[in-house]
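The values are calculated or read from the model by the stated rules, or taken from the named source; none is laboratory data. Predicted, not measured: the structure shown is a model, and the values here were computed from it. Quick reminder, even Gly has a Cβ in these numbers, built from the backbone with ideal geometry, and neighbours come from all protein chains shown.
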């Protein structure tokens, strides 16, 4: 995991003062690090019965379609309000530096589908909780959540106790 940790850059005071942003763009441009990140995320879900993989905008979109491909399942995007073209279900949430609304197409998740959620970062857990609520509103079951990075000191995992959660790198 040292290759992955060494490929993540700290950016202080972004997007606002007091936030230490974990920048994954150096990891993404390093083929070996990107491959290890994707492979590790996929390995953590391998062997579980997953029907579809949900990726959270925006950096979750980088990993989730590739992991879905490796697991031979479909990919469903969860996007910020106003970005999806068809009928949507919405969920408001709070993150560590503001508020937002996520949406999913109403026909994206079949009733009873086992869904894995992938995102780049678990911080306070607000985005993951909102995504899980969207899946459950549509009748899906959250079977797993996977994150490249977990900021354990923000206790986001505490909000996700009813779901299986894994992370690749923990700070």
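Tabulated data
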{"item": "Failed criterion for residue 83 (all others in (1) over 18 Å from residue 123 (Cβ atoms); (2) outside any loop (DSSP other than H, G, I, E, B); (3) over 16 Å from the mean Cα position of the chain (by Cα) hold)", "result": "(2)"}
{"item": "Looking only at the stretch 48-95, and only at residues there that are surrounded by fewer than 16 Cβ atoms within 10 Å (Cβ to Cβ) and in contact (Cβ under 8 Å) with a residue 60 or more places away in the chain, the one that is nearest to residue 113 (Cα to Cα)", "result": "49"}
{"item": "From the options 43, 89, residue that is touching a strand residue (DSSP E or B) at 6+ places or on another chain (Cβ under 8 Å) and not in a loop (DSSP other than H, G, I, E, B)", "result": "89"}
{"item": "Test: residue 4 is closer than 17 Å to residue 168 by Cβ and either part of a strand (DSSP E or B) or at pLDDT below 95 (or both)", "result": "no"}
{"item": "Neighbours by Cβ (under 7 Å, 6+ apart or cross-chain): first from the stretch 103-127, at positive phi and surrounded by fewer than 23 Cβ atoms within 10 Å (Cβ to Cβ); second modelled with pLDDT under 95 and assigned to a strand (DSSP E or B)", "result": "none"}
